[in-house]
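All remarks here apply to the structure that follows.
The values are calculated or read from the model by the stated rules, or taken from the named source; none is laboratory data. Note that this is a predicted model, so its numbers are computed, not measured. Heads up, the Cβs are rebuilt from the backbone with ideal geometry, glycines too, and the neighbour counts pull from every protein chain shown. Accessible surface is based on the protein model in full, side chains and every heavy atom, while ligands, DNA and RNA are left aside. Shrake-Rupley method; radii C 1.70, N 1.55, O 1.52, S 1.80 Å.
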Amino acid sequence: MPIVACKNIRKTYRQGDIEVHALRGVDLSVDKGGFIALAGPSGSGKTTLLNIIGGLDACDEGSILLDGDRVDQMTASKLADMRLHKIGFIFQAFNLIPVLSAEENVAYVMLLQGVPARECRERARSILDDVGLADKYGRRPHELSGGQQQRVAVARAIVSNPSIVLADEPTANLDSETGRGLLEMMREMNENKDVTFIFSTHDRMVMEHARRLVRLRDGQIVDDANHPVQ
Amino acid sequence: MHLQLAWRNLWRNTRRTAIILTAIVVGVWAMVFLGALMRGMADGMVRNAIDTLTGHIQIHREGYRSDPVIENRIDDPGRLIPIIENALPPDARWAARVRVNAVANNARHTAGITLVGIDPEAESAVSFIGRPAISQGRYLRPGDDNAVLAGRALVDDFETRLGHKLVLMSQDAQKEVASRAFRITGIFEAELEATEKGFLFVHKSTAQEMLRMGDAVSEIAVMLADRTSVASVADDVRSVLPDAFVVHTWRDLLPAITGYLDIFDGFMYLWRLIIFIAMGFGIVNTLLMAIFERMREFGLLKALGMKPWWIVRSVLTESLLLLVVGLSLGNFFSLLSVWALSKKGIDLSAFSAGTDLAGISRVVYPVLESRDLAAANLVVFALGLLISLYPAAKAARFTPVEAMAHT
Ligand SMILES: Nc1ncnc2c1ncn2[C@@H]1O[C@H](COP(=O)(O)OP(=O)(O)O)[C@@H](O)[C@H]1O
Ligand SMILES: [Mg+2]
């Protein structure tokens, strides 16, 4: 059974008289353990699709099944619970709470999940070790480089073993070398910890790291292919 | 960690937080310390009025209150006093006085005054005159038959001085005009100029002799150790006295002050509310500013699965910390100010013309009642949290999508 199954998703934004068809009938199904890139030019609907899968935005038509639950039929409170327990989010920027250290940023979500404080700490540290930030536990976001901040965001997204991690252009604000490093690290987590990733990008280099590449254009999927693993 | 997070968020913008804290501290100080001064003024006023020949309880012959003439006298105090004493608690003090309207004059001036015949020793426990009120000369001594104590203001008005003569005139018990010359042996000072101008004190026996009233007195004034038990003691006395006599408490005797005290509590609440409104606008505005600046963060938290209620709670935690810190500092400075003034008070004599009119003492001591302190803290704390709900609810309403779009 796929971990995510989207059927015929449509989303239209209205701004005054203008209608923008952000998604026009998207079908997408993702298996557990996948490492999938959503590629497409700016405005093609990548963010909209990720937001709808993650329950941050509602679609106008269609259905989304996440881990067996209908995302499109959930109440706001159920959606919050789902995001807290089943989804890890990584955004392009501003992923971290500025007043919390790297360790605290990672631990905070677990704390909200009700994990005991002590365990939060231990798990936060161990995951920060995994993403290569063993000596940066106590750093505040502004004391970290952009790449390091994104690593903290990845650590936070995967620390409580979510069903899926949704990453919206996680490398867009990084130089290509740092971006490559982050991608490789995500790929490592995908393989070693069996975390499912869907990430969007319009960067060719990033696409090449994906095991499956889904191309979007004007709110429709135009290509969907499994990549050979390098 | 929630507290920690709130605490750190508070200090993200030190200047802003310092400004809100200052507003809270000044507000609390105005409520507590200025409130204590107002309470002190009211208290001083009551104390003065009680001290100025009122006492806590007075006993008169029926009719004296509406018509304080010599006919309405207590003819047989020797029989009445043991009865009264029996009904009083052991630490109560009492004094019997002659008190009539009279005219004082010397070669140049004439004025209507109240002539008070006192028992010097008993009186000193009951009213201001026996305390160190004499600024020049001396208090009445046994045998000072022709001695009169006059107030400083009256002495000045009469252009006279210590040792000079004063003639007093009044109607005696036989409805004849009684007149007698006295010598000023002591000059007293009182809180209020009106007291200095209004009363002349002589020996009770001298007054009785002059007015041909035998042993009779006009009133018996009682002072209790504690103002709170006045009503019940008055009831006790009332129940043992014959019908021809009436018992009044200071509340009955000073209706204007009683009325003032009754509205004073309401006024204190109004005062707190007004200060809070000024302070509250500052709090809400600054919190709102802080929250709009952090809009993206609240969006992020919601994306991570935080429920609106948790966001409300975390914003309220911030304002709770703010209030606790502000209240602590505000109370500290208030207590410090109260303590600093508790010995010497504030001297308002520069404004004494105005204060005299209002019956306020020249020196005001702050009186900090625990209920006033509690009320001020409660108002700031409860209303502070209540108004913080608004910015908190605003923060909780940001949706992740729109918050993230605000880059
Ligand atoms: N909140 C919104 N209101 C109106 N139009 C929007 C909104 N969000 C996205 N769009 C439009 O929907 C289309 C898809 O946007 P988006 O999903 O952000 O694309 P991408 O992430 O691929 O760049 C774009 O044309 C965009 O302008
Ligand atoms: Mg996008």
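Return a yes/no flag: does segment A:47-54 have any residue that is within 30 Å of B:ARG12 (Cβ to Cβ), assigned to a loop (DSSP other than H, G, I, E, B) and either facing another protein chain (nearest Cβ under 8 Å) or open to solvent by 10 Å² or more (accessible area, probe 1.4 Å) (or both).
Yes - at least one qualifying residue is present in segment A:47-54.
Assess whether A:VAL222 counts as being in a strand (DSSP E or B), farther than 19 Å from A:PRO2 by Cβ and at pLDDT 90 or above. Steps first, please.
Numbers: in a strand (DSSP E or B): yes; farther than 19 Å from A:PRO2 by Cβ: yes; at pLDDT 90 or above: yes.
When the stated conditions are applied, A:VAL222 passes them.
Being away from ligand 2 (no atom under 16 Å from the Cβ) and part of a strand (DSSP E or B) is the filter; apply it to segment A:191-219 and report the residue that is nearest to A:VAL26 (Cα to Cα).
A:LEU213
I'd like the full set of residues that are open to solvent by 10 Å² or more (accessible area, probe 1.4 Å) and either among the basic types (Lys, Arg) or within 12 Å of chain B (Cβ to nearest Cβ) (or both), limited to segment A:122-145.
Those that are open to solvent by 10 Å² or more (accessible area, probe 1.4 Å) and either among the basic types (Lys, Arg) or within 12 Å of chain B (Cβ to nearest Cβ) (or both): A:ARG123, A:ARG125, A:LYS136, A:ARG139, A:ARG140, A:PRO141, A:HIS142.
Being assigned to a helix (DSSP H, G or I), in contact (Cβ under 8 Å) with a residue 12 or more places away in the chain and within 14 Å of chain A (Cβ to nearest Cβ) is the filter here, so list the residues in segment B:1-36 that pass it.
B:HIS2, B:LEU3, B:LEU5, B:ALA6, B:TRP7, B:ASN9, B:LEU10, B:THR17 - these are the residues of segment B:1-36 that are assigned to a helix (DSSP H, G or I), in contact (Cβ under 8 Å) with a residue 12 or more places away in the chain and within 14 Å of chain A (Cβ to nearest Cβ).
Kindly provide the set of residues from segment A:55-89 that are away from chain B (no Cβ under 14 Å), surrounded by 17 or more Cβ atoms within 10 Å (Cβ to Cβ) and either among the hydrophobic types (A, V, I, L, M, F, W, C) or touching a residue at least 40 places away in the same chain (Cβ under 8 Å) (or both), ordered by number.
Within segment A:55-89, A:GLY62, A:ILE64, A:LEU65, A:ASP67 meet the criteria.
State all residues of segment A:90-121 that are touching a residue at least 60 places away in the same chain (Cβ under 8 Å) and either open to solvent by 50 Å² or more (accessible area, probe 1.4 Å) or in a helix (DSSP H, G or I) (or both); if no residue qualifies, say none.
A:GLN92
Which condition number does A:PRO162 fail, the rest of (1) in a loop (DSSP other than H, G, I, E, B); (2) more than 16 Å from ligand 2 (Cβ to nearest atom); (3) at negative phi; (4) away from every other protein chain (no Cβ under 14 Å) being met?
(4)
Can A:GLY33 be described as within 14 Å of ligand 1 (Cβ to nearest atom), of a type in the set (Gly, Ala, Ser), more than 14 Å from every other protein chain (Cβ to nearest Cβ) and out of contact with any strand residue (DSSP E or B) (no Cβ under 7 Å at 6 or more places or on another chain)?
Taking the combined requirement at face value, the residue does not satisfy it.
Out of all the residues in segment A:10-27, which are more than 16 Å from ligand 2 (Cβ to nearest atom) and in a strand (DSSP E or B)?
A:ARG10, A:THR12, A:ARG14, A:GLN15, A:ILE18, A:GLU19, A:ARG24, A:GLY25, A:ASP27 - these are the residues of segment A:10-27 that are more than 16 Å from ligand 2 (Cβ to nearest atom) and in a strand (DSSP E or B).
When you go through B:LEU329, B:LEU320, B:LEU301, B:LEU287 one by one, which is the residue that is touching a helix residue (DSSP H, G or I) at 6+ places or on another chain (Cβ under 7 Å), more than 14 Å from every other protein chain (Cβ to nearest Cβ) and buried (at least 21 other Cβ atoms within 10 Å of the Cβ)? Before the answer, list the steps.
Values: B:LEU329 fails: buried (at least 21 other Cβ atoms within 10 Å of the Cβ); B:LEU320 fails: buried (at least 21 other Cβ atoms within 10 Å of the Cβ); B:LEU301 fails: more than 14 Å from every other protein chain (Cβ to nearest Cβ).
Of B:LEU329, B:LEU320, B:LEU301, B:LEU287, the one residue that is touching a helix residue (DSSP H, G or I) at 6+ places or on another chain (Cβ under 7 Å), more than 14 Å from every other protein chain (Cβ to nearest Cβ) and buried (at least 21 other Cβ atoms within 10 Å of the Cβ) is B:LEU287.
Under 21 Å from A:ARG204 (Cα atoms), surrounded by fewer than 19 Cβ atoms within 10 Å (Cβ to Cβ) and either at pLDDT 90 or above or touching a strand residue (DSSP E or B) at 6+ places or on another chain (Cβ under 6 Å) (or both): does that describe A:GLY43?
For A:GLY43, the condition - under 21 Å from A:ARG204 (Cα atoms), surrounded by fewer than 19 Cβ atoms within 10 Å (Cβ to Cβ) and either at pLDDT 90 or above or touching a strand residue (DSSP E or B) at 6+ places or on another chain (Cβ under 6 Å) (or both) - is met.
Can you tell me which residue among B:TRP310, B:TRP339 is within 14 Å of another protein chain (Cβ to nearest Cβ), without any contact (Cβ under 8 Å) to a residue 40 or more places away in the chain and surrounded by fewer than 22 Cβ atoms within 10 Å (Cβ to Cβ)?
Working: B:TRP339 fails: within 14 Å of another protein chain (Cβ to nearest Cβ).
Exactly one of B:TRP310, B:TRP339 is within 14 Å of another protein chain (Cβ to nearest Cβ), without any contact (Cβ under 8 Å) to a residue 40 or more places away in the chain and surrounded by fewer than 22 Cβ atoms within 10 Å (Cβ to Cβ), namely B:TRP310.
Output the residues belonging to segment B:37-83 that are in contact with a helix residue (DSSP H, G or I) (Cβ under 9 Å, 6 or more places away or on another chain), β-branched (Val, Ile, Thr) and outside any helix (DSSP H, G or I).
B:THR52, B:THR54, B:ILE57, B:ILE59, B:ILE74
Just for strands (runs of 3 or more DSSP E) wholly inside segment B:195-314: which have at least 2 residues that are touching a Phe, Trp or Tyr at 6+ places or on another chain (Cβ under 8 Å)?
Fully inside segment B:195-314 and qualifying: B:199-203, B:219-223.
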